[in-house]
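Read through the structure below, which is laid out as structure tokens, and then see the notes.
FYI, it's all coordinate maths here, none of it is from the lab. The model shown is predicted, which means the values in this text are computed figures rather than measured ones. With ideal geometry, Cβ positions are generated from the backbone for all residues, glycine too; neighbour counts draw on all protein chains shown.
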Amino acid sequence: MRAPDFCLLDYLDSRENGISRILANLLDPMGSHGQGARFLEAFIKWAGLDGSWVTGAHLASVYTEMPTASGKGRGYIDILVRIGGRALAIENKPDANDQLLQVARYLDDLAHHCRDGHCLVYLSGSGDGPTAASIEPARVSREVEAGNLVLTGYPALIDWLEACMPVSRAPAVSAMLEGLVRHIGKRFMGTDDVKEQSDLIDLVTRDRDALEPALAIVEAGARSARAFWRVSWRRWQTRRAAEGGTSPAPISGRLDTARSPSASLPSPASDSVSRWIRPATAGSTMVLTASTA
């Protein structure tokens, strides 16, 4: 029997410190997952850092709640990964608010102690960046441009976890990664099954004729859309089975807004929906993008 709603992480400590410990273990080359630096290397690539960060990743040291002392006040960086003279830090914000000058102080501390470079990944539940009280908006722009600050959210973290799955050689670890994906989907995206959602997106984006009604469904609201997708998917599977066919193999089509949870497609109320659709060149996949054309 299947248990599609079961997720082990729902019963574990899913508060900020609990999630930080899980992420830190996955990033640690010496972590109990036994996969070496594979997950850390995938995270470096996911964060958009250049290839030089991978050098020495297998010797990285990972810490949680690392104290800082630069500037006014003392703080604790949730996750700190030391790679030689560099530091990759993660400020984990699934729910909590920023403290006064918190992100600015962390960046100052990293710059002071890391001679070969640093990067702070600001990971929030919604994908929103830090508040103006935590760091001046003008400085945010400068730090992002310099590659010292990455702003992202938990929905985007799924891309990293999915990149880790093919390189995981331990079934227990693979199950943990899948559990994390499901937990993020339920907690931060309002979906019960992220794999099901991905399959549905693949199905819709295969067919240009399906894009316009799909976007209309998105306009109708997420809750109604999820109900419609599930019914449509099951009916499609039933029809395929009756015809003796099989489900299509997964393809790489994705919504371009996946890495920006706060972004959305413009409303096509007064224009053709096709205005917001641009074909991709990767095989037969269609990718939805916001176009200004």
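Going by how many other Cβ atoms sit within 10 Å of their own, how do Y63, Y154 line up, fewest first?
Y63, Y154
Report the relative contact order of the stretch 54-94, percent, no decimals, based on alpha-carbon pairs under 8 angstrom and at least 6 residues apart.
34 percent
Please report the spacing between the Cα centers of the stretch 12-67 and the stretch 125-142 in Å, no decimals.
First find each Cα centre; the distance between them is then 24 Å.
What is the extension gain from M30 to E136, computed as 0.36 nm multiplied by their sequence separation minus the C-alpha to C-alpha distance, in nm to one decimal?
Gain on stretching M30 to E136: 34.5 nm.
For the pair E16/A175, report the inter-label distance in nm, with labels modelled 7 Å from Cα in the Cβ direction.
Those two pseudo-labels are separated by 3.2 nm.
If I model a spin label as a point 7 Å beyond the Cα along the Cα-Cβ vector, how far apart are those points for A111 and S52 in nm?
Using points 7 Å along Cα→Cβ, the separation is 1.8 nm.
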